[in-house]
Structures are given as structure tokens and as C-alpha cells.
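The values are calculated or read from the model by the stated rules, or taken from the named source; none is laboratory data. Remember, it's a predicted structure, so these values are computed and weren't measured experimentally. Quick reminder, even Gly has a Cβ in these numbers, built from the backbone with ideal geometry, and neighbours come from all protein chains shown.
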Amino acid sequence: MESKTYIKNLKISPKKLRFLLPSIKKTSPFEALDRLKYTPKKGARVFYQSIKSAINNAKNTLKADESLLKFKLLTVEEGQKLKRFKPGSRGTPKTIMRRFSHIKIVLEAPTDTSKKVHKLPLVRKKTYGAKSKS
């Protein structure tokens, strides 16, 4: 079972968020929150809020314990760009790209495989009145 969270139009460039991805992907979401809380970057604060939101979504939809959740997918995608211009030399405009990003988080809860379906043994019906061959 999985829970999807998609956070759009964050005012931070994807490059700054992707810098933090490798260290977060390896851990569980619960451990990632502890790590991000003490990371001194703006991207860490954004990831902290989005992962916390994803955990709360998963708890409500999957009814799963937060310590059992795992990352199935964690990506940072590029959003829209705002193009601004700044005056350059000889009156030429220099472009400034203000980039936005999207975060996609898919959390996975382990399925309970300990419950096995027990099949009842086959019971042969007794036939009354039928003669047996002897």
C-alpha cells in the first residue's frame, strides 16, 4: 500500500533541493525528519515540511504506523520559471531566471504477509445406498 504526496510551486530552485536528496533517500522518513531538522539550509526546511505532510497523509489514508513507512519514490522536479531582466552593459538586458520546483513523495507501508489463508481439507462425501465393488 502506498500514499502519494505532490507539493507544487515551491519558491526554491530544484538544484538546491537535489543537493539534499541522496542523504534523505537512504533513510526512513522518520529518520530523515531528524536529519533535516538540524541541517542549516533552506532546502532542508522545505523538505522537512513536505515529508512531515507526506507522513501525516500516509497515517490518515493507510492507517499505518509512521515508524514502518519507507520511501518508494522521492523526486524533485522542475516547475515554472519566471523570467526577469536586469540592465547589463551597453543597455543590453541580462536575464534572471527565478525557478520553482515540485516535490513528489511516495511512501510505502509494508503489507501484512503474516496472515496466511488456511485452506480447509477436502472432505469426501459419503454416499449411502451405493454398493461397493468387492
Counted residues, the range 95-112 - those being over 19 Å from the mean Cα position of the chain (by Cα) and not basic (K, R): 5
- request: Report the residue count in the range 56-67 for those that are of a type outside the set (S, T, Y) and either at positive phi or surrounded by fewer than 14 Cβ atoms within 10 Å (Cβ to Cβ) (or both).
  value: 4
- request: List every residue pair whose Cβ atoms lie under 8 Å apart, where the two residues are 6 or more positions apart in sequence or sit on different chains, the first residue falls within the range 30-43 and is on the phi < 0 side of the Ramachandran plot, and the second residue, located anywhere, is among the acidic types (D, E).
  value: F30/E66
Residues of the range 50-60 classified as closer than 10 Å to I7 by Cα and not hydrophobic (A, V, I, L, M, F, W, C), total: 2
field: Lone qualifier among S53, S89 - being of a type outside the set (K, R), under 16 Å from L33 (Cα atoms) and exposed (fewer than 15 other Cβ atoms within 10 Å of the Cβ)
entry: S53
query: Across the range 34-50, what is the number of residues that are over 12 Å from L10 (Cβ atoms) and surrounded by fewer than 14 Cβ atoms within 10 Å (Cβ to Cβ)?
result: 4
task: Check the range 105-121 and report whether any residue there is charged (D, E, K, R), at pLDDT 95 or above and not in a loop (DSSP other than H, G, I, E, B).
output: no
Every residue from the range 64-79 that is in contact with a strand residue (DSSP E or B) (Cβ under 7 Å, 6 or more places away or on another chain) and either hydrophobic (A, V, I, L, M, F, W, C) or more than 17 Å from V46 (Cβ to Cβ) (or both): L69, K70, F71, K72, L73, L74, V76
message: Kindly evaluate K25 against the criterion of being among the charged types (D, E, K, R) and at pLDDT below 95.
response: yes
- prompt: Can you name the residue in the range 7-27 that is crowded, with 16+ Cβ neighbours inside 10 Å and in a loop (DSSP other than H, G, I, E, B) and, of all such residues, is nearest to the chain's Cα centre (by Cα)?
  reply: L20
Hits in the range 62-79 - residues which are under 19 Å from K104 (Cβ atoms) and modelled with pLDDT under 90: L62
